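This report concerns only the one structure given below.
The values are calculated or read from the model by the stated rules, or taken from the named source; none is laboratory data. Model, not experiment: these values are computed from the prediction. Cβ sites come from the backbone with ideal geometry, for glycine too, and all protein chains shown count toward neighbours. Protein only, heavy atoms only, side chains kept; ligands, DNA and RNA dropped before computing areas. Shrake-Rupley method; radii C 1.70, N 1.55, O 1.52, S 1.80 Å.
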Amino acid sequence: MTGRTLLDYQAVVGEPAMSQLRQLAHELAGATVVHVNSTREGGGVAEILNWLVPLMNELGLIASWEVIEGNEAFFNTTKAFHNGLQGNALALPQSMIDAYEETVATNAERMRPLLEEADFVFIHDPQPAFLLELCPYRKGRWIWRCHIDVSHPNRKVWNYLKSKVSAYDSSIFSMPDFAQPLNHPQVIVAPSIDPLSEKNRELSAAEIDSTLARFGISRDLPILTQISRFDRFKDPVGVIEAFAMLNSSVDAQLVLAGGGATDDPEGAVVFEEVQDAAKGDDRITLLNLPPDSHRDINALQRASTIVIQKSLQEGFGLTVTEAMWKGKPVIGGNVGGIRLQVYNHHTGYLVNTPEGAALRIRELLRQPEKIHQMGATAKKFVTDNFLLTRHLREYLTLMLGHRRGMKDHLIAV
Ligand code: UDP
């Protein structure tokens, strides 16, 4: 439970958006919905399920959230799948497939009664995808929700995953570029943020200052920040390279903050690589944060002059949305879902290299008025496109579409 009600959101998004949600949900009242993913905290999917499940319940559906439990071999395998789906080379030995299928089968024993009875099952990402095959007496509609950039997947990994997801009733991708040839409806739904969560709610100036003081960050220099899991696709080392390229005429400091997710075993190794890259530069602050650091992340984003998200691949990038919601321009990698959000020259800049990032940081830091203008445009862009009510409306529409027997193969709701 988040403790927040629909009425609280009405104050942010307005009455018409809320009444539209109530109308859509009316026809689905009492429908049972189960979401399954692979971690309760850390990463964007957990961030979304934290508000989506309680809000579906408040709208009269009966929603719940299950998490796949696995050992190290399982999460090493699913992380390798994840990297393969985002384009990395992977041999995919039988031992990996066995580690994956055995763990999902163990989880299926526990979840089967709930899943087979549910009216709608949303399976998030590849980790739980095999569950469908293990629930032969399912009654409801099953939807595979892909949050990652699968536009150029490693073919072996994709072909294996395709054999698992083809039997779903539909799949959801965050943008059209990610859609794959599948013989069922594919729906495009962009993610969103909860504007009232601890991560995104307003904070007092005093709280922001005290968070900075606790982390030993001064306000004397402009603050450039990247918040991300320590993952090579987020390119934290590339951010440090860009920072090193700023010449001495630009005075700034860099904060790289992030932590792990229980389904991401590579975080510790990548954090060491980042520590090595940052060595010797006392203008860089590295923060390895515990998973419940939502308010601290909120304060860091609000204290930032510019937010960076220099990813090399990105399903969506909720950190970009979070920063824009706080009125910050974002310098983002020219990839995946960042392109849906960073509207080049308006809400920030899209960059392809550390050199490009350095150029744009330098340019922006010299124009405080532009920082302000871009930040205001960014906030408006999120308000119009990436708040949770739009996201929820699209999920409800899809569920109603299933109830009414939708057939088309690529649908934008
Ligand atoms: N996040 C967090 N703690 C961290 C790093 C990230 O709470 O140490 C949050 C971040 O604020 C965002 C989400 O995790 O809400 C990351 O989502 P995103 O889509 O940016 O990337 P993902 O981690 O899902 O690839």
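Students often get this wrong, so check it: of LYS199/LYS310; LYS326/LYS370; LYS199/LYS328; LYS328/LYS370; LYS199/LYS379; LYS79/LYS162, which have C-alpha atoms separated by over 19 Å?
On the way: LYS199/LYS310 21 Å; LYS326/LYS370 16 Å; LYS199/LYS328 15 Å; LYS328/LYS370 11 Å; LYS199/LYS379 15 Å; LYS79/LYS162 17 Å.
Table pairs above 19 Å Cα-Cα are LYS199/LYS310.
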Neighbour net charge for LEU364 - beta-carbon separation under 13 angstrom, K R +1, D E -1: +3
Segment 60-108-segment 327-344 distance, computed between alpha-carbon centres (Å): 29 Å
FRET E, pair GLU369, SER166, Förster distance 51 Å, beta-carbon r, rounded to 0.05: 0.45
Solvent-accessible area per residue, Å², over the chain with all protein chains present [probe radius 1.4 Å]: 40 Å²
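Please state the equivalent ellipsoid semi-axes for segment 150-192: what are the square roots of 5 times the Cα gyration tensor eigenvalues, largest first, in whole Å? Please list the in-between numbers first.
Details: eigenvalues 60, 36, 12 Å².
Sorted largest first and rounded, they come to 17, 14, 8 Å.
Just want to confirm a number: the relative contact order over the chain, from Cα pairs under 8 angstrom separated by 6+ residues, in percent. Provide the component values of the computation, followed by the final result.
Numbers: 765 pairs, mean separation 69.2, N = 413.
Across the chain, relative contact order equals 17 percent.
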Label-point gap, in nm, between ASP220 and LEU289 - each point 7 angstrom along Cα→Cβ: 2.5 nm
Carbon/sulfur fraction of accessible area - the chain, other protein chains in place, 1.4 Å, %: 51 percent
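Kirkwood Rh over alpha-carbon pairs of segment 131-280, then Stokes-Einstein at 20 °C and 1.002 mPa s: what D in µm² s⁻¹, rounded to an integer?
110 µm²/s
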Overall form of segment 186-262 per C-alpha gyration tensor (a/c, 1.5; a/b vs b/c): oblate
Rounded if a/c under 1.5, otherwise prolate or oblate - segment 73-174, Cα gyration tensor axes: oblate
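Which of rounded, prolate, oblate describes segment 202-311, given a ≥ b ≥ c as roots of the alpha-carbon gyration tensor eigenvalues and a/c under 1.5 marking rounded, otherwise prolate only if a/b is larger than b/c? Can you show the working numbers first?
Values: a/c = 1.89, a/b = 1.08, b/c = 1.76.
Verdict is oblate for segment 202-311.
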Per-residue ³J(HN,Hα) for segment 264-271, Karplus 6.51 cos²θ - 1.76 cosθ + 1.60, θ = phi - 60°, Hz, x for Gly and Pro: 10, x, 8, x, 5, 5, 5, 4
Table column - 3J(HN,Hα) (Hz), segment 207-215, Karplus curve with 6.51, -1.76, 1.60, x for Gly and Pro: 5, 4, 4, 6, 5, 4, 4, 4, 8
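How large is the convex hull of the Cα atoms of the chain per residue, expressed in Å³ as a whole number? It would help to have the intermediate numbers written out before the result.
Details: hull volume 54.8 nm³, N = 413.
Cα-based convex hull of the chain, divided per residue, equals 133 Å³.
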For TYR349, distant residues with modelled amide H under 5 Å away: VAL330, ILE331, GLY332
Nitroxide proxy distance, nm - points 7 Å out along Cα→Cβ at GLN275 and ARG40: 2.9 nm
Spacing of the two label points (7 Å from each Cα toward its C-beta) at ASN183 and ARG362, in nm: 5.6 nm
Sum of side-chain charges, TYR168 neighbourhood, beta-carbon under 12 Å (Lys, Arg +1; Asp, Glu -1): +3
Karplus 3J(HN,Hα) series, Hz, for segment 230-243 with 6.51 cos²θ - 1.76 cosθ + 1.60 (x for Gly, Pro): 7, 9, 4, 5, 8, 6, x, 5, x, 5, 5, 4, 4, 4
